[in-house]
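S.K.: One structure follows; several queries about it will come next.
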Amino acid sequence: MQEIIVAVIVFAAVCFVVKRYAPKNVQMVVSLWLAGALKKLHLDKTATRLEMAAQARAAATGCGDCSGCSKAGPTPSQEQPGTTPEALLRTIRR
């Protein structure tokens with residue numbers, strides 16, 4: 001019985017940390033995954049609430065508008081800067 005209680009407490013702590021500190025897209029993916037798991041457990045109302053929250057979060061962050069996640073490759077603004085490790089080493093004061 002103690003193991004179940006500890007597992008529930010640890011799961012709640014992990015959920016809190018993910019909700020608090022994870023990037024918005026990770027939060028959205030976790031919410032959608034959890035909604036799918038809840039649907040399998042026939043908890044449809046809770047799953048629907050999670051899906052609606054994930055959709056609202058996606059709309060608030062503008063996710064899906066910029067095609068920044070596309071596989072087409074980096075745009076010129078996403079390319080690496082011109083600073084090389086050798087250039088950084090030359091700027092270090094000795």
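S.K.: Here is a list: 29, 17. Which entry is surrounded by fewer than 11 Cβ atoms within 10 Å (Cβ to Cβ), within 14 Å of the chain's Cα centre (by Cα) and modelled with pLDDT of 70 or more? Break it down into steps so the answer makes sense when it comes.
M.R.: Values: 29 fails: surrounded by fewer than 11 Cβ atoms within 10 Å (Cβ to Cβ).
Within the list 29, 17, the selection yields 17.
S.K.: How many residues are over 14 Å from residue 58 (Cβ atoms) and not in a helix (DSSP H, G or I) if we restrict to the range 9-42? Step through it out loud before you land on a result.
M.R.: Quick first cut of the range 9-42, residues over 14 Å from residue 58 (Cβ atoms) only: 9-22, 33-34, 36-42.
Next, from what is left, pick out any that are not in a helix (DSSP H, G or I): 22, 41-42.
Total satisfying the criteria: 3.
S.K.: State whether one or more residues within the range 36-49 are at pLDDT below 80 and either exposed (fewer than 10 other Cβ atoms within 10 Å of the Cβ) or in contact with a Gly (Cβ under 8 Å, 6 or more places away or on another chain) (or both). Give the steps one after another, and end with the answer.
M.R.: Here is the first cut: in the range 36-49, the residues at pLDDT below 80 are none.
Checked the range 36-49: no residue is at pLDDT below 80 and either exposed (fewer than 10 other Cβ atoms within 10 Å of the Cβ) or in contact with a Gly (Cβ under 8 Å, 6 or more places away or on another chain) (or both).
The values are calculated or read from the model by the stated rules, or taken from the named source; none is laboratory data. Because the structure is a prediction, the values reported are computed rather than measured. As a convention, Cβ positions derive from the backbone with ideal geometry for all residues, glycine included, and neighbour counts pool all protein chains shown.
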